[in-house]
2 protein chains.
Amino acid sequence: MIQFDALFKISYGLYIVSSGNKSHGNGFISNTFFQVSAEPPLFAACCNKDNYTSTLIRETGAFSVTVIHTETDPDLINRFGYKSGKEINKMEGMKLKYGETGVPIVLNDCIAFLECKVIQTIDVGTHYMFIAELLQSEIVDDTKDAMTYLYYRQIRKGLAPKNAPTYIDKSKLAAKIPASDNKKYECTECGYIYDEAEEDIRFADLPDDWVCPVCGSEKSEFVEVKN
Amino acid sequence: MIQFDALFKISYGLYIVSSGNKSHGNGFISNTFFQVSAEPPLFAACCNKDNYTSTLIRETGAFSVTVIHTETDPDLINRFGYKSGKEINKMEGMKLKYGETGVPIVLNDCIAFLECKVIQTIDVGTHYMFIAELLQSEIVDDTKDAMTYLYYRQIRKGLAPKNAPTYIDKSKLAAKIPASDNKKYECTECGYIYDEAEEDIRFADLPDDWVCPVCGSEKSEFVEVKN
């Protein structure tokens with residue numbers, strides 16, 4: 001038996017993984033970055049093959065990782081997590097520095113960053129896993145906690161975007177309150193779904209100043225999802 | 001510049017990764033298990049080449065993962081994290097079930113478990129990274145929170161054992177209170193170091209009923225470390 005809810009018990013952080021250079025930079029929200037070996041320190045980052053950042057990492061052989069904090073601006077998560085770098089320039093207006101390899105490093109809502117050089121690329125189905133060595137690492141703000149995937153899901157009510165390794169089709173999850181009259185509402189800005197079967201409160205009963213937990217859009221920008 | 005403290009901003013869970021069979025089973029405390037691809041769901045586990053569990057995973061081509069909760073018995077962490085399966089039978093007396101592949105699954109302090117079949121083994125220096133597909137996953141106890149590495153370090157005061165991918169030589173870290181008269185005390189049972197430079201309270205001032213945060217040994221079992 002595969003119980004998909006069990007996969008939510010695995011712990012992850014939340015990061016912006018960026019690559020490219022001064023003229024063409026891009027990044028995406030990642031929850032799969034981790035140290036895989038101690039001496040020398042080696043790291044792994046997973047990136048969907050369709051992501052523009054994948055192309056840039058393969059071109060440059062390098063990437064940066066921004067560890068974001070728990071109070072990160074929803075717009076930042078929306079920009080890097082739910083938009084495509086093929087359509088918008090995600091780095092425009094961002095607070096950036098450039099690494100030793102020339103890759104952009106996002107400093108907005110950043111508590112620490114790392115710069116890594118790829119030494120091996122592994123094909124893992126929908127994703128590439130980039131194995132990389134550490135070029136530099138620095139703490140930027142030691143006063144805030146790192147955002148974790150659990151915090152993002154529970155407190156900020158975010159869900160993994162479709163391109164994440166941990167994306168789970170919600171139809172595979174056990175509904176909390178299986179009731180035939182539960183409805184779903186979609187944020188027309190970022191695609192976030194408010195699913196009454198997963199919540200304790202009806203969408204209509206949410207306060208008027210409630211905003212999309214992912215991108216900050218107003219309640220009025222949600223539309224009911226017809227099955 | 002490489003600032004090693006920055007690596008502590010990466011988020012991890014804490015798991016028991018087990019392998020072997022009914023007659024020869026073993027497991028170790030791992031903080032590096034994660035999903036790396038979405039469809040089909042693929043996972044990666046990192047295991048030090050010197051670990052006995054590495055040998056068993058290579059022999060059986062399979063492993064189980066126990067997600068442990070925040071109130072996990074320190075003895076369990078000590079047994080699986082700080083002892084060698086070459087010396088003791090770690091599975092003796094444990095609450096076990098056996099997976100489809102025959103690997104043991106530890107159910108003590110377990111909130112969820114997974115069983116995985118290795119499809120690729122990658123050499124990453126000190127560690128093997130096992131890429132694996134999911135055979136089964138199940139929630140055992142949905143009332144408790146998953147232990148995270150941060151929780152273990154901050155609340156339980158644990159440190160990565162030497163065989164962990166995230167082991168960091170403490171001499172590379174910036175001391176919190178660099179004072180020449182700070183002392184260090186070592187747990188003679190598990191090797192945990194109480195370093196006054198990293199703490200807010202002198203060892204001598206700890207209450208008499210204070211116990212080792214890793215293995216639960218009494219204060220009297222600590223000895224001063226002479227430099």
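The values are calculated or read from the model by the stated rules, or taken from the named source; none is laboratory data. Everything numeric in this text was worked out from a predicted model, so none of it was measured. All Cβ positions, glycine included, derive from the backbone under ideal geometry; neighbour counts span all protein chains shown. These area figures cover heavy atoms from the full protein model, side chains too; ligands, DNA and RNA do not enter into them. Shrake-Rupley method; radii C 1.70, N 1.55, O 1.52, S 1.80 Å.
The table that follows gives values for the structure above.
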item: Whichever aspartates and glutamates have a C-alpha closer than 15 Å to that of A:Lys86, once near sequence neighbours (fewer than 8 apart) are set aside; result: A:Asp50
item: Where N is the number of residues in the stretch A:26-95, Cα Rg divided by 2.2 N^0.38 Å; result: 1.19
item: Accessible surface, per residue, of the stretch A:1-148 when the full set of protein chains is kept, probe 1.4 Å, Å²; result: 36 Å²
item: Trypsin sites (Lys or Arg not before Pro) within the stretch A:62-132, DSSP loop, no more than 12 other Cβ atoms inside 10 Å; result: A:Lys86, A:Lys95
item: Pseudo-label separations to other copies for A:Tyr151 - Cα-to-Cβ vector, 7 Å, nm; result: 1.4
item: Chain B pair-distance distribution - Cα-Cα, 5 Å bins, rounded %; result: 1, 6, 14, 18, 19, 16, 11, 8, 5, 2, 1, 0
item: Rounded FRET efficiency, nearest 0.05, which uses the C-beta distance separating A:Glu59 from B:Leu206 and R0 of 41 Å; result: 0.15
item: Cα→Cβ-extended label distance, 7 Å offset, between B:Ile119 and B:Ser84, nm; result: 3.5 nm
item: Choice from B:Arg202, B:Arg58, B:Arg153 with maximal GNM fluctuation in chain B (Cα, 10 Å cutoff); result: B:Arg202
item: Interface area, A with B, accessible, probe 1.4 Å, both sides summed, Å² nearest 100; result: 4200 Å²
item: With all protein chains modelled, accessible area of B:Glu87 [1.4 Å, Å²]; result: 150 Å²
item: For A:Leu42, net neighbour charge (Lys/Arg +1, Asp/Glu -1) across residues whose Cβ lies under 13 Å away; result: -2
item: Solvent-accessible area, 1.4 Å probe, carbon plus sulfur percent, for the protein assembly as shown; result: 47 percent
item: Sum of side-chain charges, B:Asp209 neighbourhood, beta-carbon under 12 Å (Lys, Arg +1; Asp, Glu -1); result: -1
item: Solvent-accessible area of A:Cys47 with every protein chain in place, 1.4 Å probe, in Å² to the nearest 10; result: 0 Å²
item: Environment charge at B:Arg79 (Cβ cut-off 11 Å; Lys +1, Arg +1, Asp -1, Glu -1); result: -1
item: Restraint check, A:Lys9/B:Lys97; A:Lys183/B:Lys97; B:Lys90/B:Lys162; B:Lys162/B:Lys219; A:Lys162/B:Lys117, Cα-Cα greater than 29 Å; result: A:Lys183/B:Lys97
item: Trypsin sites (Lys or Arg not before Pro) restricted to the stretch B:1-56 and DSSP loop, no more than 14 other C-beta within 10 Å; result: B:Lys22
